[in-house]
1. Of Lys14/Lys37; Lys71/Lys136; Lys50/Lys136; Lys42/Lys136; Lys79/Lys134; Lys44/Lys136, which pairs sit farther than 23 Å apart, going by alpha carbon to alpha carbon?
2. Hey, can you rank 36-47, 79-90 by average C-beta count inside 10 Å, highest first?
3. Using the beta-carbon distance between Val104 and Leu129 and R0 = 41 Å, what value does 1/(1 + (r/R0)^6) give for FRET efficiency, to the nearest 0.05?
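Each reported figure results from applying straightforward, stated rules to the coordinates on display, with no laboratory input. Note that the structure is predicted; figures quoted are calculated from it, not measured. A quick note on method: Cβ atoms are made from the backbone with ideal geometry, for glycine too, and the neighbour counts reach across all protein chains shown.
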Amino acid sequence: MASKEELEAMGIKKFQCKECCRDITESEYKTYKGYCKNCYGKRKNIERRKEIYNNENNESENIEEFEDNGKNTVASIIKGIAVISAIAGVIVGLVSIDALNSGVMAVVIIIASIISAVFSYALGEIIQLLEDIKNK
Ligand SMILES: [Zn+2]
C-alpha cells in the first residue's frame with residue numbers, strides 16, 4: 001500500500017472519515033461533509049432524532065403552559081378564601097358593633113380576621129412559589 005506522501009506525489013490526496021478514520025475518496029469526502037457514507041448516515045439519524053425529541057419537548061411545554069398557565073389550583077383557591085375571609089371578617093366586625101354593643105370586640109374581630117387572612121394568603125403564595133420552582 002502506498003504511503004500518504006507517495007499518494008500526494010502522484011496527485012492523489014488522501015481523505016479520511018472524521019468519525020472512523022477510514023480512507024474515503026475525495027468525492028465521498030465532499031458529499032458527506034468529511035464523513036464516510038456509513039458515519040454520515042448515522043450522524044444524520046442522530047441529528048434527526050435529536051430534532052424530533054426537541055420538537056416534542058417544546059410542544060409538550062407549550063401545551064402545559066396553555067392548559068394551566070403555570071397557576072396552581074390549590075394556591076389560587078387558598079388566596080381566594082383568604083381575600084373572602086378578610087372581607088367577611090371586616091363586615092362581621094362592623095355589624096357586631098351594634099349587636100355586641102362593644103367597639104373593642106368589633107376591632108378584635110376585624111384584626112383577628114385580617115391577620116388570619118394574611119397568613120392564609122401567604123400560604124397560598126408559598127404553594128404558588130413551590131409550583132413555579134417545580135415548573136423550572
Ligand atoms: Zn466513517
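1. Pairs exceeding 23 Å: Lys42/Lys136; Lys44/Lys136.
2. Most protected by this proxy first, the peptides run 79-90, 36-47.
3. Calculated value: 0.65.
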